Amino acid sequence: MAAGFDISKLNAAQREAVEALDGPVLILAGAGTGKTRTVTCRMANLLQKGISPEKILAVTFTNKAAREMQERVAGMVDKKAANKLTVCTFHSLCVRLLRNGIERLGYKKNFSICTPGDQTALIKQFIVKRGGIREKIKPGDVLAAISRAKNSDKGLASIEDDLYRTIAEDYTRELQMRNAVDFDDLLLLGEKLLREHSEERAYWQERFRYITVDEFQDTNSLQMSLLKQMVGTPYNVCVVGDDDQSIYGWRGAEVANILQFERFFPDPHVIRLEENYRSTEAVLRVANKLIKGNLGRREKELRPTIPGGALVRLLSFTGDEAEAEWIADEIKAIRREGKRKKTEAKPDAAVMRLIGGGGGAAEEAALADANLRAWEDFAILFRTNTLIRKMEQVFREKDIPYRLVGAQSFYDRREVRDALAYLQVIADPNSDVALLRILNTPPRGIGEVASLALTDWSREHEETVWESLNSESFRAEVSKKAATAIAGFCDEIQNVHDQLIGGHDARDLLEGFLETSGYVEWLMKNQKSDTERDQRRQGLADVYESLERTLGKGKSVQTYLEESLLDPQKDDELEKKQGVTLITLHAAKGLEFPVVFLTGLEEGILPHKRSIEEGTKDEERRLLYVGITRAQERLMLTYCGKRVKWGEEVRSEPSCFIGELDFDWIEEIDYEAMMQEEANDDDLEDFFGGMREMLG
Ligand code: ATP
Ligand code: MG
């Protein structure tokens, strides 16, 4: 095995956790105390102690976190061994469980996974069918009701509205018929599989002997139950979390899980980490004082290891335009101050001129030399996605590179979803949901009437859509034109499918099929501008590239499809992208950035309007706490007097949380007043200048 990791870089409590390998372990600690780093080292230690990597499972909250953890372990021990670890989210874990045993639950082995987009399309169909159009029922509302009901004890029966319930039942039946599951089903079925089938349980308990869960405070009761089924005696399970960072209550997360860990896994080794290594004292003081406002929390020590630091700045602006402009300019200014601990190093004059000139590869090259801060050192945190837009616009105007995290995801892009559906059909023509999606995309003469006839037919005859399409008796039911179109399309699919089975390169097949089927031509024709056409083309290119990369790692097309569906940040695509990070508070969990701007500290935004109505203000306070504790060196909190919402200017009040901050560590700046003062100075300067000129 390779060099191993350096345990001397850990503090005593962290070391204790890294060395406590057997039995239940609970690491309960505040933000930035090295929880994630500790469990990562712990996994490396397991490997070093000779535990086979196949026996080790770690569950993280996002796919990005999973990738990072795996990479970090790989950096510490044998890379090959690290690659054999299973590090994934609860959802992808469930896909594994279900691929192995879903037949026990009455599904066929090659089930497909419905994306939110597919779900909406299905729901719309049933809203129409059940006359919900007249009642102006929104698909999103029905889906939310379905999700809530599915995750409740009473299931769909708990939906009170009759029409909603009927649509929900239609939807559920349809999914089952189509051998498809949605994201909620993944967890529900995964848990059910283990709970109801002891052979499955035994298999997985034997398969994974060491289980770790990061961000445990955000697991819900279903995930907790799943974990209970997964962990065999002697309960080699290690969970890490911080009850102060529980921010998914709205999705049913139970802080109780962490507070009552011992109920499920008796006599855990409890470890507390108290030193914060991430943030300066100033940042921590502000965070600590704020979170004390929550009642019923476990009081925790959180000691800074970096004394002092720049005061946290609290800035008020008249409007969101000014806020965004200031942030952009401030980023440029801080960037010029230079890298951490290298602030003394000043770029030479030539470089400064280049920077002043701005733009282009020359500037980038100069900056790399000049010891300037990287754009990646900066993050801007938002309560909601809609607030991000203004910032994006200003960044584009000011030529600041940025990357959006957790906003529009890879597979939300229409061409990406289409391409994935095509690929799914090539791999398995019996994938109903995907086949229905591409059936008339591009339009090929199989219109809505034929399409409805098709789904009805396949339902009645208990066939897959593919089987119905191929049946002569079905083709006799539709118009001659449709029948001809269907026959042609079926031949094409069969042909490409056969080639794939025959070992042809999947990427080539997909690219070729999207061309010959007329999809690419149709897609291009439907774009308004060259920019849009370029974006679509890029989307497809990204699919080809990531498919090729995944297959290159020896994975199957099916695995590629699963990863793409479950990993909205797919793939390295985003990670490759450089720039300032624009991210929501929820998505920022677990991450850290040297310089953080936290925006929109206003009533109705943070705390969010809904939380005031629903009485979940404590969760909003935790969300702000999560945001503050992302900052390593510098933290700027901002709020505005008005914002443009849906094209209208709306007045904003400062957030009630502002009054709870520790003003000993805060510098308050009224931006407008400051500008006014500067302007006055300039006026004075002008005045005297004018006088001098006159006298001179
Ligand atoms: P969060 O609650 O936000 O998830 P965390 O507790 O998981 O935070 P980490 O992200 O693991 O904390 O660590 C925070 C930072 O502190 C990282 O940059 C990490 O490398 C650093 N760190 C952790 N432990 C030590 C240590 N013993 N010495 C120096 N730096 C450390
Ligand atoms: Mg962490």
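The values are calculated or read from the model by the stated rules, or taken from the named source; none is laboratory data. A quick note: this is a predicted structure, and the numbers were derived from the prediction, not measured. FYI the Cβ positions are ideal-geometry reconstructions off the backbone, even for glycines, and counts take in every protein chain you see. Ligands, DNA and RNA are excluded from the accessible area calculation, which covers all protein heavy atoms including side chains. Shrake-Rupley method; radii C 1.70, N 1.55, O 1.52, S 1.80 Å.
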Pairs, first closer than 15 Å to Leu514 by Cβ in region 478-499, second surrounded by 13 or more Cβ atoms within 10 Å (Cβ to Cβ) and of a type in the set (Lys, Arg), C-beta under 9 Å, six or more apart: Phe489/Arg444
Count - residues of region 538-559 that are out of contact with any helix residue (DSSP H, G or I) (no Cβ under 8 Å at 6 or more places or on another chain) and either among the small types (Gly, Ala, Ser) or at pLDDT 90 or above (or both): 4
Criterion: polar (S, T, N, Q), more than 16 Å from ligand 2 (Cβ to nearest atom), open to solvent by 40 Å² or more (accessible area, probe 1.4 Å) and modelled with pLDDT under 90 - qualifying residue of Ser221, Ser198: Ser221
Of residues in region 612-624 being over 15 Å from Thr584 (Cβ atoms) and in a helix (DSSP H, G or I), the one farthest from ligand 2 (Cβ to nearest atom): Glu613
Breaking point among (1) open to solvent by 10 Å² or more (accessible area, probe 1.4 Å); (2) out of contact with any Lys or Arg (no Cβ under 8 Å at 6 or more places or on another chain); (3) hydrophobic (A, V, I, L, M, F, W, C), for Ala168: (1)
Residue within region 30-45 that is of a type outside the set (S, T, N, Q) and away from ligand 1 (no atom under 16 Å from the Cβ) present: no
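Residues checked against (1) in contact (Cβ under 8 Å) with a residue 12 or more places away in the chain; (2) part of a helix (DSSP H, G or I); (3) more than 16 Å from ligand 2 (Cβ to nearest atom):
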residue: Asp22; (1), (2), (3): yes, no, yes
residue: Ile27; (1), (2), (3): yes, no, no
residue: Gly50; (1), (2), (3): no, no, yes
residue: Leu57; (1), (2), (3): yes, no, yes
residue: Ala65; (1), (2), (3): yes, yes, no
residue: Gly75; (1), (2), (3): no, yes, yes
residue: Ala81; (1), (2), (3): yes, yes, yes
residue: Arg96; (1), (2), (3): no, yes, yes
residue: Arg99; (1), (2), (3): no, yes, yes
Scan of region 80-138 for residues that are in contact with a Lys or Arg (Cβ under 7 Å, 6 or more places away or on another chain), surrounded by 20 or more Cβ atoms within 10 Å (Cβ to Cβ) and over 15 Å from Leu565 (Cα atoms), ordered by number: Ile102
Residues satisfying the stated conditions in region 430-441, i.e. open to solvent by 10 Å² or more (accessible area, probe 1.4 Å) and either touching a residue at least 12 places away in the same chain (Cβ under 8 Å) or of a type in the set (Val, Ile, Thr) (or both): Asn430, Val433, Ala434, Leu436, Arg437, Thr441
Residue match in region 101-118 (condition: modelled with pLDDT under 95 and within 16 Å of ligand 2 (Cβ to nearest atom)): no
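Somewhere in region 631-646, is a residue in contact with a strand residue (DSSP E or B) (Cβ under 7 Å, 6 or more places away or on another chain), open to solvent by 60 Å² or more (accessible area, probe 1.4 Å) and either among the small types (Gly, Ala, Ser) or away from ligand 1 (no atom under 16 Å from the Cβ) (or both)?
yes
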Filter result (modelled with pLDDT of 85 or more, over 20 Å from Val595 (Cα atoms) and not charged (D, E, K, R)) within region 385-424: Gln393, Val416, Ala419, Leu420, Ala421, Tyr422, Leu423, Gln424
Neighbours by Cβ (under 6 Å, 6+ apart or cross-chain): first from region 639-651, assigned by TED's automatic domain parsing to the domain that holds Glu603 and among the charged types (D, E, K, R); second surrounded by 13 or more Cβ atoms within 10 Å (Cβ to Cβ) and in a strand (DSSP E or B): Lys642/Gly319; Glu649/Lys642; Arg651/Lys642
Failed item in (1) more than 10 Å from ligand 1 (Cβ to nearest atom); (2) over 30 Å from Leu565 (Cα atoms); (3) not aliphatic (A, V, I, L, M), with Asn63 passing the rest: (2)
Residue match in region 580-592 (condition: touching a Leu at 6+ places or on another chain (Cβ under 8 Å) and away from ligand 1 (no atom under 16 Å from the Cβ)): yes
So Glu215, is it open to solvent by 10 Å² or more (accessible area, probe 1.4 Å) and within 16 Å of ligand 1 (Cβ to nearest atom): yes
Matching residues in region 29-63 - criterion: being among the small types (Gly, Ala, Ser) and in contact with a helix residue (DSSP H, G or I) (Cβ under 7 Å, 6 or more places away or on another chain): Ala29, Gly30, Ala31, Gly34, Ala44, Ala58
Hits in region 73-104 (condition: within 11 Å of Leu189 (Cα to Cα) and small (Gly, Ala, Ser)): Gly101
